[in-house]
Ligand SMILES: NC(=O)c1ccc[n+]([C@@H]2O[C@H](COP(=O)([O-])OP(=O)(O)OC[C@H]3O[C@@H](n4cnc5c(N)ncnc54)[C@H](OP(=O)(O)O)[C@@H]3O)[C@@H](O)[C@H]2O)c1
């Protein structure tokens with residue numbers, strides 16, 4: 001029986017991940033900010049949910065205590081998924097440090113504040129799998145979302161170092177580089193054929209957490225696409241409006 005904690009559990013993708021784990025007989029601690037959404041998700045998942053913890057994860061001073069509470073409720077943590085995120089308003093982050101800081105806090109500082117105690121706890125256990133939601137937006141700065149992209153790119157780099165530190169310790173670290181997914185985060189975005197659905201993305205995340213570690217593009221077709229996007233020289237990139245435009 002797997003014991004799983006999910007931070008940002010009410011995210012559309014994380015809720016699908018939680019549901020998959022519940023169906024497999026896992027025990028879950030769900031951490032989220034919105035008590036109504038948390039209660040609704042817990043009701044849907046039934047006995048699989050050992051506890052819900054209500055927390056604004058921007059309050060990084062609470063992170064270590066939250067991790068300890070999750071461990072107390074589960075006994076041990078086999079899988080921890082850090083899923084919360086905030087796209088924010090790119091134009092606002094260009095005008096206001098307060099707006100930029102919010103995006104950097106939710107997408108970078110908050111995850112790191114959780115990963116420090118989670119990594120140390122799993123290292124002491126000698127096992128565990130840390131999964132974190134990053135983004136293809138972290139691979140190339142674009143006018144459309146570069147504040148969010150900077151946070152996710154730095155998070156990806158942090159995870160690369162953490163994975164290397166924990167290599168051989170029994171603790172696995174996985175980075176999910178998601179492409180666009182049809183969720184509340186992208187509700188106002190015009191959809192195209194490259195958009196994935198939350199259930200499909202959740203299926204791939206759970207399969208990956210079960211069998212592998214390391215970096216996964218989700219869906220997998222983003223690996224070759226990002227290979228090209230990363231490699232484009234800047235003068236060419238600037239001419240491609242669908243990439244360099246707002
Ligand atoms: N959707 C995409 O296209 C896409 C692409 C690449 C990466 N991602 C990443 O995938 C992850 C899941 O996103 P999603 O698409 O499932 O979006 P979502 O449904 O909008 O979920 C975002 C979640 O983050 C939570 N959250 C934000 N700030 C928080 C805070 N301070 N404290 C606690 N919870 C907080 C939100 O809580 P509330 O419910 O209380 O608002 C919400 O549950 C995120 O890390 C996102 O950056 C998404």
Please state the relative contact order of the range 3-244 as a whole percent: Cα pairs under 8 Å, 6+ residues apart? 18 percent
So for the range 196-246, Kirkwood radius off the Cα pairs, Stokes-Einstein at 37 °C and 0.692 mPa s: how many µm² s⁻¹? 253 µm²/s
Within the range 176-207, the residues whose backbone N lies under 15 Å from a label point placed 7 Å from the Cα of residue 221 along the Cα-to-Cβ direction are 179-182, 191-198, 200-201
I'd like to compare 35-47, 79-91: which one has the highest average count of other Cβ atoms within 10 Å, and what's the full order after that? 79-91, 35-47
Hey, with R₀ at 30 Å, roughly what FRET efficiency would residue 24 and residue 157 work out to, going by the Cβ-Cβ distance, to 0.05? 0.40
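Show that you can apply the helix-only estimate: for the chain, add -39,500 (n - 2.57) for every DSSP H stretch of four or more residues, divide by all residues, and state [θ] at 222 nm to the nearest 500.
After summing the helix terms and dividing by residue count, I get -14500 deg cm²/dmol.
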Simple spin-label estimate for residue 191/residue 1, 7 Å along Cα→Cβ, in nm, reads 3.8 nm
Along each principal axis, Cα extent of the range 138-227, largest first, Å: 44, 28, 24
Space enclosed by the convex hull of the alpha-carbon atoms of the chain, per residue, Å³: 125 Å³
Kirkwood Rh and Cα Rg combined as Rg/Rh, the range 20-126: 1.02
Tilt relative to the chain, helix 198-211 - C-alpha long axis, 0 to 90 degrees, to 10: 60 degrees
Points 7 angstrom from Cα along the Cβ direction at residue 101 and residue 229: gap in nanometres? 3.0 nm
Quick one: angle between helix 12-23 and the longest Cα principal axis of the chain, in degrees between 0 and 90, rounded to 10, please. 30 degrees
What is the packing order of peptides 127-139, 219-231, 66-78, 110-122, taking the mean over residues of other C-beta atoms within 10 Å and listing the highest first? 127-139, 110-122, 66-78, 219-231
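The numbers here are math on the coordinates, done by the rules we state, and not lab data. Small disclaimer: the values here were computed from a predicted structure and weren't measured. Cβ: placed from backbone, ideal geometry, glycine included. Neighbour counts: every protein chain shown.
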